[in-house]
1. How many of the residues making up the stretch A:967-999 are more than 9 Å from RNA strand B (Cβ to nearest atom) and out of contact with any helix residue (DSSP H, G or I) (no Cβ under 9 Å at 6 or more places or on another chain)?
2. So, in the stretch A:979-1016, exactly how many residues are in contact with a His (Cβ under 6 Å, 6 or more places away or on another chain) and in a strand (DSSP E or B)?
3. Out of A:D1080, A:D1118, I need the residue that is open to solvent by 60 Å² or more (accessible area, probe 1.4 Å), of a type in the set (D, E, K, R) and either at pLDDT 90 or above or closer than 30 Å to A:S1063 by Cα (or both). Which one?
4. Can you confirm whether A:G284 is surrounded by 14 or more Cβ atoms within 10 Å (Cβ to Cβ) and within 10 Å of RNA strand B (Cβ to nearest atom)?
5. Of the residues in the stretch A:1062-1073, how many are open to solvent by 60 Å² or more (accessible area, probe 1.4 Å) and either β-branched (V, I, T) or more than 19 Å from A:F5 (Cβ to Cβ) (or both)?
6. Among residues belonging to the stretch A:131-165 that are over 21 Å from the mean Cα position of the chain (by Cα) and of a type in the set (K, R), point out the one that is surrounded by the most Cβ atoms within 10 Å (Cβ to Cβ).
7. Looking only at the stretch A:260-279, which residues are in a helix (DSSP H, G or I) and either more than 14 Å from RNA strand B (Cβ to nearest atom) or more than 17 Å from A:R469 (Cβ to Cβ) (or both)?
8. Mind telling me which of the residues A:E186, A:E192, A:E240, A:E233 ends up being open to solvent by 80 Å² or more (accessible area, probe 1.4 Å), closer than 21 Å to A:W489 by Cβ and not polar (S, T, N, Q)?
Amino acid sequence: MEYDFRKIEQEWQEKWRQNKAYKVLNESARPKYYVLDMFPYPSGTGLHVGHPLGYIASDIYSRYKRLKGFNVLHPMGYDSFGLPAEQYALETGQHPAVTTEKNIATFRRQLDKIGFSYDWDREVRTSNPGFYKWTQWIFLQIFDSWYNRITDKAERIAELLKIFEAAGNVDHVCPGDKTLQFSAGEWNAFDERRHQEILMDYRLTYSSYGEVNWCEALGTVLANDEVVNGVSERGGYPVEKKKMRQWYLRITDYADRLLEGLEHIDFSDAMKEMQKNWIGKSQGAEMDFAIKDHDQPLKVYTTRPDTIFGVNFMVVAPEHELVDQVTTDDQKEEIEKYLTYVKSRSERERLAEVKQITGCFTGAYAIHPFDGREIPIWIAEYVLAGYGTGAIMAVPCGDQRDFLFAKHFNIPITNIIGDHFNGEEANPTKEAILQNSGFLNGLLMKVAIGVAVDKIEELGIGRRKVNYRMRDAGFSRQRYWGEPFPIVWSNGIAIPLDAEELPLELPHVDKYGPGPNGEGPLANIVDWVYLTPNPSPRERGTLPHGDEERTDHLSVASKKDGEPGYFNSSVEEWKNTLSFAKENRKNLTEAGDTIWQEIRNRKIDGSKFRRQHPIAGYIPDFVCLEKKLIIEIDGEYHTEEEQKKFDAARQNWLAENGFGMIRFTNEEVKVNLKKVLNKISQTLKENTAAINETTNKANEKSHPLAGSGSPLLWRGVGGEVKRETSTMPGYAGSSWYFLRYMDPHNDRLFCDRKASDYWGQVDLYIGGTEHAVGHLLYSRLWTKILFDLGYIGHDEPYKKLVNQGMIQGSSRFVFRVGLTIYSEPGIVSTPLIFVSKSISDKIKLGDEFSIEKVKIFAIKSIEETYRNNKGTSITAVSILEFHVDVNFVDGVELNINAFRKWREEYNDAEFILEDDGKYICGVETEKMSKSKYNTVNPNELVEKYGADTFRMYEMFLGPVEQSKPWDTKGIEGVHRFLRKLWRLFYDDQKGKVWTDDKATDAELKVLHRTIKKIDEDTERFSFNTAVSTFMICVNELADLKCHKKEILEPLLFLLSPYAPHISAELCSLLGSKVSPIGEDAEGPVYPVFNAALLVESSKEYPVSINGKVRTNINMALDITQADVEQIILQNDIVQKWLDGKEPKRIVYVKNKMVNVVI
RNA sequence: GCGGCGAUGGCGAAAUUGGUAGACGCACUACUUUGAGGUGGUAGCGCCUGUCAUGGGCGUGGGAGUUCGAAUCUCCUUUGCCGCACCA
């Protein structure tokens, strides 16, 4: 019986799927364990061998934990919102939802082949409304929160309101505007708009104008971590600074807690270091320098207040607000010139020319607070507006940049550190004794820092200050394929949707181009954006479609109801309606006029009524848009039966959209105006409840206007109401997805507290380093906020993080000959010639002989093509390198035939080979990528060797955390091992060879050594050594000719996490009572190590002379020092090395070794 | 410039606490199974040197140090990768 891995793997995968072997429940008597992979972005290129590395590692660990008796949560999903799908849509017109769906299917097919133990019932996709409903919901919770510095946690905005009403903001500095101060009285006197503006400056997600990273090519803003060296991380497009309204996460409020939290989690040093760097906390002082002939001081930030007497000049950022004010008339021109120059330079140029020294003197002087010196104020690019105060005190003897600047502009340098400064370069030491430093003279700099700040604070010219490099994270993108913000704007105030109105679904678009004014594609969908009933074309902004093809909900409704006259179906019709309405206003009835006089100018309840204002294509007598109330005065026209029918249909439609209507007859108005007005006032008050009801009804029916926001909240705001048209960034969904896995189908909450309390933190998180400061930081932030708000019980999402290394591709190159041809009679085409590695090397080195050889070869080829062409000569030969698909290369030898077929133009290519007739390719290790033709498809390997082999080989390559080049060749060794294992059970010739015989001590020793090692290795993620251990074990059992079930069955349980299919098959053939997959286990089924079996009574002690091992001597393990000495000295080899001398010392370490020192 | 991580045979690597450096696998060599290829099996395989044979010297990027003993600890240095970067 052969090891037919294809059949075995297919059958078992099918079986596990059918009996839901990997289903995980939220309640269990067993302890929980949560193993998580970073879910993939489903890209169009599918998986290469680098992707599954982490998945295999986590799968092995999950299976291992399961066998050890844990209830293991091991889910998988897709981060399916994102830029690439949308870029693809822009290029091809295919809807991102469609391509994403397709890509996911491909991913799933590939993943399934590898035999993972995911519970697919818990799958999440960030682009599913069922998922992003909760992303939006969490966003709203964050929106409704602020950071209380006193309790040091996020709290609800309602709490903040209470504080403001009672005490103003004296205890709570406004993070958005630190200068803002108001008392309770002032607060209470502010109007609603001012309230909302101030609250926005406190919210943890907020919208504000700010400098953003704008990427023109991508048509969107990017977060700081998405910009690398001045270009976009994706695509490498230029990024510029631009002022725009954006949403932000106030992550800076959490800087300290994010920093502090790192102490309690198990991340690699590198990872922690990266996060620390990103947060960039620095301790220093902020201090004011008076400016000569000027009221306002210059505020600077420094981490080295001890160097205060070494200041020789001040530098402020070119963008600094004081520049304008302090520049003297003499310098105005120079400064203008410099500012123009700075503005002309893109971010990229600035970064590229970091070492260039530029700057300009403003003509102004600051006054040194201690010695009264006048210090010139300069502006220079090297000071950034965004950090600290945007101004520095320059100490050239201690700071290299200041030093270079001083040298460049011939500014004198004060030395305050004596011999530590050599005049050649700055010395940033803290160990020097200060000189020329007034009251700090004679102090060690380290000590002087504190002394200086104390003095500064005492004089009231500055204070201790902590600064962070981290900025608030941009949270909006001018893009389509992301979560829509559950926010509507009304007269500049952001109003959150009600929870019941979520999810706010992403509307369908046909075009993905940007909207007007730098807005995203959603801005093009007028009907979706504008919630003001029946907005005018002016309100709508631009018109996306041609007039004739405009088919919005209004016209749809009109067609449905068969009311051609009442609803607009085109702009033309709308205009008609409008002019009709205008006409109507001139011809008010008597009753109408009576009412109008009573309700105009917000006379009733402050509600704004309009008369004859077109709405939903019809023109009611009066309408209050804020409260969605219509008043009709029943004229004669409407008494006709036919018109009554229309009225009913219309009223029905209006009701569905949240409009209430009250009607009066002309008589009523004339006879009892007071009663009529009372009724209006009454209805305005009551209407809110009715409106909510109708809105919900509309939602259920998924009317085009469904989810149009809560009218209740618009009260008192009025005016144009439109949706936020940005979408959330890629990291929104991934900031909390690990919580959704715990309770994936919950439609009442993002995750039940019971579920999150049960599963708690992710015990093991495996993924790449590329998310160090993006996803990992943001998800830590969201977790902390959700914790503060009481939705979950832990404030760090991941207990332990393991970063898998990158698998690099091993690229292969071919060397094409580049020829410069001189041709007498006319043009000849260049022959396509490829030379093998050694020849190309020689040509590159300028080896005359090889160049001549190639020339002759080329001439011959040309002459053969152009028979009589004798006038051709070759003047120069060069070498061009091209990536060649690694699949055409066996090791380094090119398969010439396959290569010829690769591209049409290669069909007739000629090859100059090595002496042994082979074409040898160039080799280089680089990132695995389709464009480099060095990707290896895991499915081809699974097809050829099986999933078990593939899994083990990926692990065998080396430590999971290390980057390493892929080499397909080695997979044979692992495959050999699995076949060797199989032969312990079944032999090709003899068939079944396994027996029920009793195991010997030697065999048990082999088994238990293996159990111990595998257990330890798996526990510490040393999967490569575990695979070796399996190999050693099988080699030893084969040597012992051991075919005993007693030994082999436990071995299969050990192996099962690594190679589940073969283990399951062999266990089944052995007739095992328990599955090695662990699906039916109530408790641990993992083999238990029995130390007693490994106890030895003696050991081959290595004996070294002066540290070099010379022989081995077998001695009892518990032998004493005295006995050792006696035995050792009798040994021939030791005698030989002693050469008659007495040993100085004999070191004996029990269970280790013996060392004789001569 | 700052920070982090590494450097061990032809290659991927192992050495968990300072205790026999190179386990395991690939590649390679020889033999064997087979008609042949593949497969399977046996043996060899760090470098240098040497023999009838036991052997000897060197060796974990380089240099110094601590130690009876260092791939492992300390200092210096070279170099590679990764991250941050006019961050005051």
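The values are calculated or read from the model by the stated rules, or taken from the named source; none is laboratory data. Note that the structure is a prediction, hence the values are computed from the model and not measured. Ideal geometry is used to build each Cβ from the backbone, glycine not excepted, and the neighbour counts take in all protein chains shown. Surface areas here come from the heavy atoms of the whole protein model, side chains and all, with no ligands, DNA or RNA. Shrake-Rupley method; radii C 1.70, N 1.55, O 1.52, S 1.80 Å.
1. The qualifying residues number 4.
2. 1
3. Exactly one of A:D1080, A:D1118 is open to solvent by 60 Å² or more (accessible area, probe 1.4 Å), of a type in the set (D, E, K, R) and either at pLDDT 90 or above or closer than 30 Å to A:S1063 by Cα (or both), namely A:D1080.
4. In short, yes.
5. 1
6. The residue in question is A:K153.
7. A:E260, A:G261, A:E263, A:H264, A:D269, A:A270, A:M271
8. Result of the check over A:E186, A:E192, A:E240, A:E233: A:E192.
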